[in-house]
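The values are calculated or read from the model by the stated rules, or taken from the named source; none is laboratory data. Predicted, not measured: the structure shown is a model, and the values here were computed from it. Cβ: placed from backbone, ideal geometry, glycine included. Neighbour counts: every protein chain shown. Side chains are part of the model used for accessible areas, which takes the heavy atoms of the whole protein and leaves out ligands, DNA and RNA. Shrake-Rupley method; radii C 1.70, N 1.55, O 1.52, S 1.80 Å.
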Amino acid sequence: MSLFVEAFFLQAGYNATLVAIGAGVLGFAAGASGTFPFLRKRALISDAVAHATLPGIGLAFILMVTFGGDGRSLLGLIAGSALTAWTGLLLIEWISRRTRLTEDAAIGAILGTFFGAGIVFLTVIQGMSAGRQAGLEGFLLGSTAGMLFQDALLIAVGGSLAVLVTWLMRRPMTIVAFDSDYAMTLGYDVRRIDLLMMGLVLSVTVIGLKLVGLILIVAMLIIPAVAARFWTDRSTKMIWIAGCIGGASGYLGAVLSASAPAMPTGPIIVLVAAGIFVFSLLFAPDRGVLVTLFRHRGFQARVHRRQGLLALAAHHPIREAYTLRLLTREGLVRPDGVPTDAGRAQAAKIARDERRWDVAREIYQDTGLTGRYDGLTPIEDVFTADEIAELDHQLGPPVTARTE
Amino acid sequence: MSPTIKPAIVSDLGHAVGPARAPRDAALAIHGLTVSYSEKPAVFSVDAAFSTGEISAIVGPNGAGKSTLLKAALGVIPRLSGEVYVFGDTLRNARARIGYVPQSASVDWDFPTTVLDVVQMGLYRKLGLLGRLSGQGRAQALECLDRVGLADFANRQIGQISGGQRQRVFLARALAQDADLLLLDEPFAGVDAATERAIIGVLKLLRKDGKTVVAVHHDLATIRDYFDRILLVNVRRIAEGPVATTFTTENLQATFGGRLATTHLSELAIMDDGH
Ligand SMILES: Nc1ncnc2c1ncn2[C@@H]1O[C@H](COP(=O)(O)OP(=O)(O)O)[C@@H](O)[C@H]1O
Ligand SMILES: [Mg+2]
């Protein structure tokens, strides 16, 4: 536990500090850049792109060693991985646009082929004399052991750029993700904007290769966005919320894995992100599961209340005990079931709304509307004030409450 | 009713059609436009000209290529051949002057965006990448929402409104563009009578401001009330011209062939006589 506190306040040594900061920044960049690929439903392609980095890593290593260099040069490996990932992306795009294959088939084929080729290269490298200590397997699931200052710098610079581009391009990307045909009529080059989104995925993947690894990076891109969706109905806000969720997961995950021996950093980060997702799923206002549950209970009460008032309006007795209890608690009926003045007023308003609905259903024979005549939805939620005035106009002046 | 009429191969009837080469200064001029998704043309060598300041209808049976025609004119789908001029200029140059309302847009209704956000999309092009959405832009978008009677719904998530209201939001988005030429794909499909009245009211106001409106329309009964000109298509252009002279039983027969019920035709014929 004290180890956790030390690590949390960056007191657990130079390497742990670098890793925690690097993971936090990477998480933020991944969360923010993953927002639009998620909204454009590109999670699977993002995964394929990430997997397609592997053959590039292998090839770059082999080439660098062949030409007498150190095969582990980070820039060389990044260049190689970006190259094959980009090739994989263009191939998927070409296959789904130019052949009869669907996009998911193209994704499956490319992901499998490229990853398979990558594993073959890694095996070949294992057999090379220079390859034994290469540690390229670390790129699969990430590792923190050899984290250097330059690695953290790469994450900081590359990550900031990815966030900056996401922010600058938020409007084109929102339009393309929401309504790509319309984007085209405005003159946006939809294909390029799609490629840009994938370019962001690619950048985050290559800078995160060393720390998180290529197998799990897609989780860092997508899970924060999925979680963020629970907290807002605005795409621009989602960028920052997803960024913060990703950043918190990265930092906490790194700290957690530093405070226990032999805990894998990448997977822990992803699990923390998943934890935040589950929390959002349960507790988010509006869209969360618990709120939905409470809302259902409240909904049930509203149904009973409404039915009770309709019964009052029709001068029927209230039969259900629960309904009677609800109305009594509100002071709308006396315990013996006789309506109070307040109750009578409410019942009159409800009776009028019912008549408005009758008129509305006659003049708006719209499928979208008939579904909303559910007995409960307030008429003010369905129609604008002007529309209601029109209904009242057709209905004539309010009928005075019936008296016995 | 002869079932053998194949409208797809009926050529121009030779009467009540516009000039073979449409004038270049029309709001939207289309020359020899051909589009196809496969080996079979969806639109074949269509000429059409929509004059400035008028409300025009594009009419034809399902699958006649009406949506395809609009989308190709907008550059959303590539054309195999043909030319498109907007106010005498190329599409690329005149892009900012065109607004588009898609056919009951197939968008993700759970998308994190509000009604007002969607309308503001019509302003994005003018803003550029770095521009900020000022209070003025917001006010402009709100005013467009108000024109279609939806100002009260500005902050709803886009999925939380009814079908007819969604259609009006997309109209408001096109209004926000402040376009001179508005292309609408079946704006009245699946909307209630009140929405239809609201939309046609907005379109007629646009005409008063000198704007040009072109709408794909499927309800033959309202053509005479709503439109000045009509283009009848079924893959090829069947006829084009003012509604008064072009919207005839004969042209409709050529456009719809056996697909238009006899009763429907005779009803329209009665309307013919009435006018
Ligand atoms: N995306 C598409 N891919 C393939 N065929 C299409 C596509 N969209 C439309 N079509 C075909 O093109 C023809 C014209 O369609 P469309 O323009 O939608 O007709 P309309 O709008 O007049 O009903 C139809 O035969 C339709 O099946
Ligand atoms: Mg259509």
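What quantity of accessible surface, computed with a 1.4 Å probe and excluding non-protein components, is buried in total between chains B and A, in Å² to the nearest 100?
On the way: alone 13230 and 21190 Å², together 30920 Å².
What B and A bury together is about 3500 Å².
Between A:ILE241, A:ILE318, A:ILE222, find the one with the highest GNM mean-square fluctuation for chain A; connect C-alpha pairs within less than 10 Å.
Looking only at A:ILE241, A:ILE318, A:ILE222, the biggest GNM fluctuation is shown by A:ILE318.
Within the accessible area of the range A:2-287, what % is carbon and sulfur when the probe is 1.4 Å and the other protein chains stay in place?
Numbers: 8370 of 11800 Å².
The value for the range A:2-287 is 71 percent carbon and sulfur by accessible area.
Please arrange A:GLU103, B:GLU240, B:GLU250 by accessible surface area, largest first, computed with a 1.4 Å probe and ligands excluded. Display every interim value, and only then the final one.
Values: A:GLU103 70, B:GLU240 10, B:GLU250 120 Å².
These residues rank, largest area first, as B:GLU250, A:GLU103, B:GLU240.
For a label point 7 Å from the Cα of A:LEU161 along Cα→C-beta, name the residues of the range A:70-114 whose backbone N is under 13 Å from it.
Label zone hits: A:75, A:78-79, A:82.
In a Gaussian network model over chain A where Cα atoms closer than 10 Å are linked, find which of A:VAL255, A:VAL333, A:VAL270 has the largest mean-square fluctuation.
Between A:VAL255, A:VAL333, A:VAL270, it is A:VAL333 that shows the largest mean-square fluctuation.
Give the calculated FRET efficiency between B:GLN160 and A:ALA345 to the nearest 0.05, with a Förster radius of 35 Å applied to their Cβ-Cβ distance.
Values: r = 30 Å, r/R0 = 0.85.
Plugging the Cβ-Cβ distance into 1/(1 + (r/R0)^6) gives 0.70.
Along its principal axes, what span do the Cα atoms of chain A show, with the longest given first and each in whole Å?
104, 57, 32
Which value, in debye to the nearest 20, describes the size of the charge dipole of the protein assembly as shown about its Cα centre when Lys and Arg Cβ atoms bear +1, Asp and Glu Cβ atoms bear -1, and nothing else is charged?
Working: 63 positive and 59 negative charges, 210 e Å.
Its charge dipole is roughly 1020 debye.
Can you tell me the Rg and Dmax of the range A:290-395, counting just the alpha carbons, in angstroms?
Expressed in Å, the Cα Rg and Dmax of the range A:290-395 come to 15.3, 43.
Pairs of alpha-carbon atoms within less than 8 angstrom and 6+ residues apart define the contacts here; what relative contact order does chain A have, in percent?
Working: 571 pairs, mean separation 85.1, N = 404.
21 percent.
Please give the calculated 222 nm ellipticity per residue for the protein assembly as shown, where each DSSP H segment of at least 4 residues contributes -39500 (n - 2.57) and the sum is spread over every residue; nearest 500 deg cm²/dmol?
For the protein assembly as shown, the value works out to -18000 deg cm²/dmol.
For the pair A:ARG355/B:TYR37, report the inter-label distance in nm, with labels modelled 7 Å from Cα in the Cβ direction.
5.1
Quick one: which residues, 5 or more positions from B:ALA239 or on another chain, have an amide H under 5 Å from its amide H? H modelled 1.01 Å from N in the peptide plane, none for Pro or chain starts.
B:LEU232
I'd like the accessible area for A:SER2: 1.4 Å probe, protein heavy atoms, all chains in place, Å² to the nearest 10.
Number for this one is 80 Å².
So for the pair A:ARG302, B:LYS126, with labels modelled 7 Å out along Cα→Cβ, what separation do we get in nm?
Modelled inter-label distance: 3.8 nm.
When chain A is modelled as a GNM with alpha-carbon springs shorter than 10 Å, which of A:ASP194, A:ASP104, A:ASP358 fluctuates the most?
In this elastic network of chain A, the residue with the biggest mean-square fluctuation among A:ASP194, A:ASP104, A:ASP358 is A:ASP358.
Taking the solvent-accessible surface of protein heavy atoms with a 1.4 Å probe, what is the per residue accessible area of the protein assembly as shown in Å²?
Working: 30920 Å² over 679 residues.
On a per-residue basis, 46 Å².
Spin-label point model (7 Å from Cα, Cβ direction): what's the A:SER129 to B:LEU80 distance in nm?
Placing both labels 7 Å beyond Cα along the Cβ direction yields 6.4 nm.
For the range A:40-60 and the range A:274-310, compute the distance between their C-alpha centroids and round to whole Å.
About 40 Å separates the Cα centre of the range A:40-60 from the one of the range A:274-310.
Once amide H atoms are placed 1.01 Å from N in the peptide plane, what residues at a sequence separation of 5 or more from B:ALA215, or on another chain, have their amide H within under 5 Å of its amide H?
The list, which skips near neighbours in sequence, is B:SER56, B:ALA57, B:ILE58, B:LEU184.
Using the alpha-carbon atoms, what tilt in degrees (0 to 90, nearest 10) does helix A:289-313 show relative to the longest principal axis of chain A?
For helix A:289-313, the angle is close to 10 degrees.
Determine the share of the range B:9-274's accessible area contributed by carbon and sulfur atoms, expressed in whole percent, with a 1.4 angstrom probe. Intermediate results must be reported in sequence, preceding the final value.
Details: 5360 of 10740 Å².
The computed percentage sits at 50.
Mind listing which GluC sites (Glu not before Pro) in the range A:280-358 are in a DSSP loop and have 12 or fewer other Cβ atoms within 10 Å? Intermediate results must be reported in sequence, preceding the final value.
Numbers: sites: A:GLU320, A:GLU330, A:GLU354; in loops: A:GLU320, A:GLU330.
Qualifying residues, ordered by number: A:GLU320.
To the nearest 10 Å², what's A:ARG42's accessible area with a 1.4 Å probe?
40
Taking the Cα centroid of the range A:181-197 and of the range B:181-233, what is the distance between the two, rounded to the nearest whole Å?
When both Cα centres are located, 28 Å separates them.
Could you pull out every residue, at least 5 positions away or on a different chain, whose amide H is within less than 5 Å of the one on B:VAL43? Hs are placed 1.01 Å off N in the peptide plane, and Pro or chain starts have none.
Hits under the 5 Å cutoff: B:VAL35.
Give the Cα extents of the protein assembly as shown along the principal axes, in whole Å, largest first.
The Cα atoms of the protein assembly as shown stretch 95, 82, 48 Å along their principal axes.
On a C-alpha basis, how far is the centre of the range B:39-108 from the centre of the range A:66-126 in Å? Whole number, if you could?
Centre-to-centre (Cα) distance: 40 Å.
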